[in-house]
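Encoded as C-alpha cells, the structure appears first; notes follow it.
Every number in this text was worked out from the coordinates using simple rules, so none of it is lab data. What you are looking at is a predicted structure, and each value in this text was computed from that prediction instead of being measured. Here Cβ is always computed from backbone atoms with ideal geometry, including for glycine, and neighbour counts include all displayed protein chains.
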Ligand code: CTP
C-alpha cells in the first residue's frame, strides 16, 4: 500500500526507541522504503543493526560517519523522503530543529528536506511541560511541522504525566493520513459488513460466533481515510463507531443484516462482506425463558440467507464485491470455492487456526485471491494495515476495469 513511498525516520535517544522498531517493521510490511538515521544517543538504546535488519537498508549513524559523507548522503535522503518522521523526538532534537541548529546527520537532513515532517515527542513529563520545550514545539508547528502528541501515563522514569511516545498505531495512522492526501477512493460508495450476527433463542440466549468486528472496522476506517463514503453495517461488537462514516447501522440478526444490505445495495460501488454471518437461526423464538427439564434438549435450526451469494447474483456490472473466507482446513481450496460460488471479485482467505490470525486478534495473515486466479499471500500483520492492502487491491481492480 505504501509501495513507491520513501519514509525517512530520524531516531533520537530515548527509552521509546524500541517502539520505533515496530514502526519500521510495519511500514516495511506495507511495502514502503524506509531509511533510518540514528543519533549517537539512540544507539545506546537499540543497536543500528536492528534497524538495518528491519528496514533492509543501511542505517546512518552519526558517530560512524565522516563529515564529508554527510554532505552527499544527507541531501540524498532529504530529497528521497516522501515523509520524514522524527521518533522518538527528544527535547534536544526539537530544540535544534526549532532553532536552526544542524550539527549532526539527523538535524542536517531534517533541515534539508522539503517533505512533510512529523514529530513524535517522548520525554520526561517535566521536560515536556517546560516552557522552553513548549515554545520550540509551538514555533515548529508555526513552520508547518506536524506533531504526533505524546500520551499520558507512567513514564520510564516512574513519573506520571504526558510524555510517552504516541502508540505505534497512532504513528502509522498519521503517516497514512499524510500520504493518502490524494484520497484514491474519493466519491466512491463503499458498504462494509462487520462483526458477528446474533440469533436469539429466547429473551436471555442466542447463537453467535467469535467475530470481533476488528477487520471490518479497520477497513471502514481505512476507506474513510482514502476518501470513500462508507456505510458500515455492524453486528454486536464492543468497538467504537469509526469517525467519518456516511452511515452506521447496528443489527443483531442475519435477516436484519440482509434487509439493510438489500436496501443499500444499488447505490454502492464496492461491497465488502467481512461479517461472520450465522448460517442458521433457531426455528422458534420463545417469548419466555426456556426452563430446563431433566431431559436433553434438541434445537431445531433454520437456514439463514447467504447474503454474499445473493449480492453476487444481483450485483451490477460496475460493482466490486469482496468476500471473506475464514477456514480451518483445506483453506485455499475452500476459499476459492467460495470466491466462485458467491461470484466475488476478490476473496480474503485466512486460516483461523494459525497463531495471530483468529477472529479476536488484532492481527491477521491472509491470502487474497482475485476472480482471475491471481493470488498473493501476505505476512502476519495488524488488521489496520491489512485493511489498506485490501483496499489497494480493490483500487487496482477498478483501474484494470
Ligand atoms: N456470508 C454471508 N451470509 C451467510 C454466510 C456467509 O454473506 N449466511 C459471507 C460472509 O460475510 C463472508 C463469506 O460469505 O464474506 C464467507 O463466509 P464463511 O462463514 O467463511 O462461509 P460460509 O459461506 O458460511 O460457508 P461455510 O460455513 O460452509 O464455511
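Applying 1/(1 + (r/R0)^6) with R0 = 25 Å to the Cβ-Cβ distance of residue 301 and residue 248 gives a FRET efficiency near 0.25.
Under a no-solvent Debye model with one identical scatterer per Cα of the chain, what's log10 I(q)/I(0) at q = 0.08 Å⁻¹? Each listed q maps to, in turn, -0.52. Cα centroid separation, the range 148-170 to the range 320-363: 37 Å. Over the range 6-179, with a single point scatterer placed on each C-alpha, what log10 of the ratio I(q)/I(0) does the Debye formula yield at q = 0.09, 0.20 1/Å? Ignoring solvent entirely, the Cα scatterers give -0.26, -1.45. Between residue 284 and residue 313, the FRET efficiency estimated from the beta carbon spacing at R0 = 51 angstrom works out to 0.95. Within the range 1-17, find all residues whose amide N lies under 14 Å from a label point positioned 7 Å from the Cα of residue 399 along Cα-to-beta-carbon. Taking a point 7 Å out along Cα→Cβ of residue 399, the residues of the range 1-17 whose backbone N falls under 14 Å are 1-5.
Computed over the chain with a Gaussian network model linking Cα atoms closer than 10 Å, the most mobile of 226, 29, 141 is 141.
Compared with the direct C-alpha span, the chain from residue 329 to residue 374 gains 14.1 nm at full extension, assuming 0.36 nm per residue. Helix 67-80 axis versus longest C-alpha principal axis of the chain: approximately 30°, rounded to the nearest ten.
Using Cα pairs under 8 angstrom and six or more residues apart, how large is the relative contact order of the range 1-136, in percent? Could you put the intermediate results ahead of the total?
Details: 255 pairs, mean separation 37.9, N = 136.
Computed over the range 1-136, the figure is 28 percent.
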